[in-house]
Amino acid sequence: MAIKPFKDLSIVDDFMFSEVMRQPENVKPFLEALLGKSIAEVVYIDKQKDLKDEYDAHGIRLDVYLKDEHNTKYDVEIQASLHSALEKRVRYYQSGIDRHSLEISADYEDLSESYVIFICAQDYYKAGLAVYERESHIKGAPQVLYEDGSHVFILNADFTVENANHEILSFLRYVRAGYKGESFDVSHSSYLAQIETAISNIKKNSGREVEYMTMAMKMLDERKAGREEGRKEGRKEGRKEGVQEVARRMLSRGLSPEEISGLTGLDLSEVEKLTRQ
């Protein structure tokens with residue numbers, strides 16, 4: 001798999017998205033427009049934060065992780081590929097954030113509000129909505145909300161139903177254009193013009209290009225190692241169980257089912273079954 005040239009990166013690429021949205025002046029207006037609330041100050045922000053409890057546990061690498069002046073936590077993710085089991089990924093991310101938010105001696109009442117936001121280039125639910133918001137309530141009594149302080153938003157750049165405000169719809173159209181490699185006129189939006197300027201400035205920074213290439217090479221090496229491991233295990237075991245074990249290891253490294261299917265030769269349905277297991 002070839003590494004995408006640095007000059008061709010757009011907002012839909014993980015590296016560029018995290019570099020741009022780690023800047024408070026870029027992420028704050030987005031959150032305010034989506035959530036319909038004012039955020040006085042972003043007091044903490046981290047790019048590609050790694051949440052991991054144990055050495056052999058499945059780590060969580062968050063694209064953009066921040067909190068505001070009320071200690072509310074926000075995780076904002078970009079998703080170019082349409083992966084399966086998005087709901088369980090959200091659940092795992094949420095649990096990781098919660099475990100790292102509560103001090104040992106603290107009470108559960110001290111658990112802060114949290115938002116997990118996935119911005120998807122494709123329509124995960126195939127219902128056409130621009131914004132899918134999770135709402136929890138008691139079965140048989142829909143008027144009784146189940147409020148645990150966690151919130152989930154799945155944004156869809158490939159929307160047909162405009163169930164969001166103008167600012168969010170414009171941002172999603174911008175993401176869609178980046179995903180398709182198309183140009184987009186940002187002159188109508190001072191916010192999108194600001195994002196474009198941020199991307200342009202990042203691309204002019206040679207240090208950022210080195211950082212991107214280093215990260216991309218590391219990921220490429222991990223995929224090559226996984227491919228070679230798959231070949232070795234396949235030869236060693238000589239049976240399907242060996243390949244499935246390799247697929248499980250790849251899942252633990254964070255590779256997507258689509259990538260694992262291509263590397264191991266397993267059908268995508270088989271890999272998705274392993275993911276659920």
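The values are calculated or read from the model by the stated rules, or taken from the named source; none is laboratory data. It should be emphasised that the depicted structure is a prediction, and the values quoted were computed from it without experimental measurement. For neighbour counting, all protein chains shown are included, and Cβ atoms are generated from backbone atoms with ideal geometry for every residue, glycine included. Each accessible area value is taken on the protein alone, full model and side chains, heavy atoms only, with ligands, DNA and RNA left out. Shrake-Rupley method; radii C 1.70, N 1.55, O 1.52, S 1.80 Å.
Here are the numbers for this structure:
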| item | result |
| --- | --- |
| Length added when fully stretched, GLU87-LYS139, from 0.36 nm per residue minus Cα-Cα | 16.8 nm |
| Peptides ranked, highest mean first, by Cβ atoms within 10 Å: ranges 75-88, 197-210 | 75-88, 197-210 |
| Backbone N under 13 Å from the HIS166 label point (7 Å along Cα→Cβ), restricted to region 180-195 | 188-191 |
| Cross-link table LYS67/LYS273; LYS28/LYS273; LYS126/LYS204; LYS88/LYS218; LYS28/LYS203; LYS28/LYS126, entries beyond 32 Å C-alpha to C-alpha | LYS67/LYS273; LYS28/LYS273; LYS126/LYS204 |
| Coordinate range along principal axes, alpha carbons of region 80-211, Å, largest first | 48, 38, 29 |
| Virtual spin-label span in nm between ASN201 and SER252, 7 Å along Cα→Cβ | 4.2 |
| Accessible area of region 103-168 belonging to carbon and sulfur atoms, whole % at 1.4 Å probe | 49 |
| Calculated FRET value between ALA106 and GLU25, using beta carbons and R₀ = 35 Å, to 0.05 | 0.65 |
| Burial order of peptide ranges 188-195, 243-250 (average beta-carbon count within 10 Å, highest first) | 243-250, 188-195 |
| Burial ranking of peptide ranges 93-101, 149-157 (average Cβ count within 10 Å, highest at the top) | 149-157, 93-101 |
